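Below is one structure, written out as structure tokens; comments come after it.
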Amino acid sequence: MSIWWSLHLRREAASVPLARHLLLGAMETAGVDPDVSFDLSVALTEACANAVEHGGAGADGGGGWGTADAGDSAPGADGQAAEAPGAYRVTAYLDGERCRIEVADSGPGFPARRVLRRPAPAPAPTCENGRGLGLIEQLADHVHFRNKPGHGAVVSFDKILKWREDALLRAM
């Protein structure tokens, strides 16, 4: 048995804890070890916060990473539905021994150095932001940053699961 869910959320701060609580609830119900659940929930929180902050072009055309067409809900070049300008998508898969999470937005995408896996410069110690993507890399086993054709960024990450002794999903 596996669990799969997908959320289409508005780019609003209130959507971030909603996504986190849904993930934690699914993992608790399935019987995932609380430490693994916590790591993935923090990584998801960071990915969602980035989608909220950088995931779409505003009225001035700026989305935080550069400029791009915000698009609409029509299917994109990859056959996937593009995210609406004021929305982002979270998809989670708990399957076997692995959890995979993907957060996709309609913003300008990642800078080339992030997609090519060159390390981004570390933020100054007094900066209030700029650590989220690095934190995701530290908490997950595998992380992939990519840009969707035309517009938008996708952060996908996965982690090997550990199970509680009474795990429902593991038993099936």
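Please report the accessible area of Trp163 (heavy atoms, 1.4 Å probe, ligands and nucleic acids excluded) in Å², nearest 10.
Approximately 30 Å² for this residue.
Ranked by accessible surface with a 1.4 Å probe, highest first, in what order do Arg131, Arg10 come?
Values: Arg131 105, Arg10 160 Å².
Sorted descending by solvent-accessible area, the residues read Arg10, Arg131.
Which value in nm describes the separation of the simple spin-label points at Asp95 and Glu28, placed 7 Å from the Cα toward the beta carbon?
Between Asp95 and Glu28, the label points sit 2.6 nm apart.
Give me the distance in nm between label points sitting 7 Å out from Cα along the Cα-to-Cβ direction at Leu18 and Leu168, one decimal.
So the label points at Leu18 and Leu168 sit 2.3 nm apart.
At 1.4 Å probe size, put Thr45, Thr91 in order of accessible surface, largest to smallest.
In descending accessible area the options line up as Thr45, Thr91.
The values are calculated or read from the model by the stated rules, or taken from the named source; none is laboratory data. Since the model is a prediction, treat every value here as computed from it, not as a measurement. Please note: Cβ atoms are built from the backbone with ideal geometry, for glycine as well, and neighbour counts cover all protein chains shown. Remember, those area values only see protein heavy atoms, side chains included, never the ligands or the DNA or RNA. Shrake-Rupley method; radii C 1.70, N 1.55, O 1.52, S 1.80 Å.
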